[in-house]
Amino acid sequence: MSELFDAHGGFRHLHSFTLATIVQLENLRFCRKFLTNDPREAKEKFYDPKGRQYDQMTQAARSGRQNIIEGSERSATSKDTEMKLTDVARASLSELRGDYEIYILDRGQLPWSVHSPEAKAVNAISLDNPTFQDDRVHESARHALSQRQKYARWLDSDDGVVVANAMLILIGRALAMLKSQIEAQGDAFLKSGGFSERLTGKRVEAREQQRDADAPECPLCGKGMRRRKSAKGDFWGCSGYPECKGTRPA
């Protein structure tokens with residue numbers, strides 16, 4: 001029965017998951033460091049009097065990572081669900097990207113141009129492929145933290161605009177990866193179908209095998225025969241039809 005199920009649960013190998021993990025962690029740090037509900041600090045931080053900005057940003061970052069996980073786990077029985085959850089992850093991270101854009105604009109500045117030295121430096125960083133032995137949760141977390149250090153120059157800045165710009169680039173890279181994942185998931189579904197289609201095929205195959213358990217051999221080629229119907233009644237036809245046209249009366 002294992003051929004019924006797609007491979008699943010490999011999200012820890014995905015660069016998109018590593019980036020989403022970094023984004024969620026750094027978003028928490030950003031919100032704690034640069035948002036405030038104290039009007040006395042409003043000139044230094046982004047004023048969030050009722051904490052709604054904090055809640056929205058932390059939920060969006062969490063949704064991005066968690067939906068990658070859930071989509072990967074659900075891929076065993078539903079490619080459609082996997083694609084939908086991956087798309088939810090993209091939508092959540094897109095929402096978060098909008099919040100960082102507003103933070104920068106609210107400070108009277110513009111997001112870094114893709115041609116700026118800063119953006120080029122961040123974009124030039126590549127992620128290492130994760131390697132796992134026998135402790136995936138521990139090793140995956142260690143990998144994410146090690147990759148985070150590659151961006152520490154910007155993420156550890158005391159200038160919120162610098163951090164926000166770096167986050168924009170990290171989120172943008174994660175979004176591009178998730179877009180490619182959805183396209184690959186769609187291609188896989190078109191080629192091999194999903195769990196429902198394979199389950200139906202297996203059920204039909206099982207019924208055929210049960211029904212034809214006592215089928216005779218073809219008199220021409222020796223293959224098993226299958227019961228057929230015609231206007232004149234039932235008969236046995238070769239399972240190799242149309243290459244072989246052997247028949248027997250039922």
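Since every read-out is calculated from the coordinates, none of them should be taken as a lab result. Just so you know, these numbers come straight off a predicted model, no measurement behind them. Reconstructed Cβ throughout: ideal geometry from the backbone, glycine too, with neighbour counts over all protein chains shown.
Quick notes on this structure:
- Between the residues ASN123, PRO249, ILE68, the greatest Cα displacement towards the positive end of the dipole of the chain, with unit charges on the Cβ of Lys, Arg, Asp and Glu, is found for PRO249.
- Basic side chains Lys and Arg get +1 at the Cβ, acidic Asp and Glu get -1 at the Cβ, and with that the dipole of the chain about its Cα centre reaches some 780 debye.
- Given R0 = 45 Å, the distance between the Cβ atoms of ASP159 and GLU183 translates into a calculated FRET efficiency of 0.80.
- The chain: relative contact order as a whole-number percent, Cα under 8 Å and 6+ apart: 20 percent
- Cα-Cα over 22 Å, subset of LYS120/LYS150; LYS33/LYS150; LYS45/LYS120; LYS84/LYS179; LYS84/LYS191; LYS43/LYS150: LYS45/LYS120; LYS43/LYS150
- Length, then width, then depth: along the principal axes, the Cα atoms of the chain run 94, 37, 35 Å.
- Protection proxy ranking of 114-125, 60-71 - average other beta-carbon atoms within 10 Å, highest first: 60-71, 114-125
- A dipole drawn for the chain from +1 and -1 charges on Cβ atoms has a positive end, and of HIS143, GLY108, PHE30 the residue lying farthest that way is HIS143.
- Against the chain, whose longest principal axis comes from its Cα atoms, helix 15-34 is set at around 30 degrees.
- Its Cα gyration tensor gives the stretch 3-109 an equivalent ellipsoid. The semi-axes, each the square root of 5 times an eigenvalue, are 34, 11, 11 Å from largest down.
- Of all lysines in the structure, those lying under 28 Å Cα to Cα from LYS245, and not within fewer than 8 positions of it along the same chain, are LYS202, LYS223, LYS229, LYS232.
- This ranking places HIS15, HIS143 by how few other beta-carbon atoms lie within 10 Å of each, fewest first, which gives HIS15, HIS143.
- Relative to the dominant Cα principal axis of the chain, helix 79-106 is inclined by about 10°.
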